[in-house]
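Below is one structure; the comments refer to it alone.
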Amino acid sequence: MTFDFSPSSLSIPFEGGTAVYLFTGHYGSGKTETAVNFARFLRERYRRACSEEEHKIAMLDMDIVNPFFRSADAREYLESQGVRVEVPLYANTNVDMPSLPPSMGALIRDRSYDVIVDIGGDDMGARAVGCYSEDILTRRNYRFFVFNKRRPFTGTAQAALKIYDEIDSVSKVPCAGIVNNTNLLDETDIGMIREGYAEAAELGRLRGVPVVFSTVPEGLYGELLEQGGVFTADNVIPLRRTVKRLF
């Protein structure tokens, strides 16, 4: 079974082996929150489809660049959902540059796990992908570019191209698709999400990759699906706030 990247379907494969899912993007695009909620989405899909024990999921926090948003903040929640979490050494401390423990490389090589990786912002953060690229490329892998139209420097597809290409040049893992994560936190509305999808689709057209899914604040999820169109329960992930903001 292959991963369906059609614009109207996000089909998570339950057969054919596990995969590595990598979340890259611009600083502040919402990679961490998206990755955490994707882990929850994946766990819930497995619970509905088959025995949870048959499918192990690990979340790796490889963001050693930005100390303000951390998937480590969501560790307790994810572990309560049956997701293993590995974070940089000294994460959430006052150490300036945390390092990546050997367990992360071991998990990337462990084919018994679906591995979700939260990568630091821009090309600097994406270099961490390059360090593990040989192991990642031996497995099914899907690197996503998280796009937020409401962030500086990614307000349009053309503007986002520079960051997209910089990440692409250093990650050594090809981009499989774009995630429309357009939001303004509590000020998000349905119109923003639709505008973001249009720009994300244009970015995808320019680089020959699809929009694989969109995110929406949990409170707007039902309203977005009721409006129909390109948004369905299979390609929209509701966002539950789990990561603390420290400023």
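The values are calculated or read from the model by the stated rules, or taken from the named source; none is laboratory data. In this text, all values refer to a predicted model and were calculated from it rather than measured experimentally. Note that we place each Cβ from the backbone using ideal geometry, even for glycine, and neighbour counts take in every protein chain shown.
Here are the numbers for the structure shown:
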| item | result |
| --- | --- |
| Only listed residue being more than 18 Å from residue 23 (Cβ to Cβ), in contact (Cβ under 8 Å) with a residue 60 or more places away in the chain and surrounded by 14 or more Cβ atoms within 10 Å (Cβ to Cβ), chosen from 129, 173, 230, 212 | 230 |
| Sole residue being farther than 24 Å from residue 42 by Cα, surrounded by fewer than 17 Cβ atoms within 10 Å (Cβ to Cβ) and either of a type in the set (A, V, I, L, M) or touching a residue at least 40 places away in the same chain (Cβ under 8 Å) (or both), chosen from 184, 203, 225 | 184 |
| Counted residues, the stretch 32-82 - those being modelled with pLDDT under 85 and among the hydroxyl-bearing types (Ser, Thr, Tyr) | 3 |
| All positions within the stretch 22-48 that are part of a helix (DSSP H, G or I) and in contact with an Asp or Glu (Cβ under 7 Å, 6 or more places away or on another chain) | 31, 32, 35, 42, 46 |
| Residue in the stretch 120-130 that is small (Gly, Ala, Ser), in contact with a Leu (Cβ under 8 Å, 6 or more places away or on another chain), part of a helix (DSSP H, G or I) and over 19 Å from residue 214 (Cβ atoms) present | yes |
| Hey, residue 186 over 16 Å from the mean Cα position of the chain (by Cα) and under 30 Å from residue 107 (Cα atoms) or not | no |
| Checking residue 106 against (1) within 25 Å of residue 213 (Cα to Cα); (2) of a type in the set (A, V, I, L, M, F, W, C); (3) at pLDDT 95 or above; (4) surrounded by fewer than 16 Cβ atoms within 10 Å (Cβ to Cβ), the condition it does not meet | (1) |
